[in-house]
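K.L.:
One structure follows; several queries about it will come next.
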């Protein structure tokens, strides 16, 4: 149930074209972390399951 709510919330962010939704789609951090140096985990091995 909780997974579904999280998935729907993320899908809503993508649908309203919020910046958080775009970053979530790109597989990047959404809460203001720096990405130039310390986002190796987020940048590595992005899965093909993106929200549409």
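K.L.:
Give the calculated FRET efficiency between residue 3 and residue 35 to the nearest 0.05, with a Förster radius of 35 Å applied to their Cβ-Cβ distance.
P.N.:
Numbers: r = 26 Å, r/R0 = 0.74.
It comes out at approximately 0.85.
K.L.:
Hey, can you rank 30-36, 18-24 by average C-beta count inside 10 Å, highest first? Could you put the intermediate results ahead of the total?
P.N.:
Working: 30-36: 9.1, 18-24: 14.6.
Going from most to least packed, we get 18-24, 30-36.
The numbers here are math on the coordinates, done by the rules we state, and not lab data. Computed from a prediction, not measured in an experiment: that's the story for all the values here. No Cβ is skipped: glycine too gets one built from the backbone with ideal geometry, and neighbour counts run over all protein chains shown.
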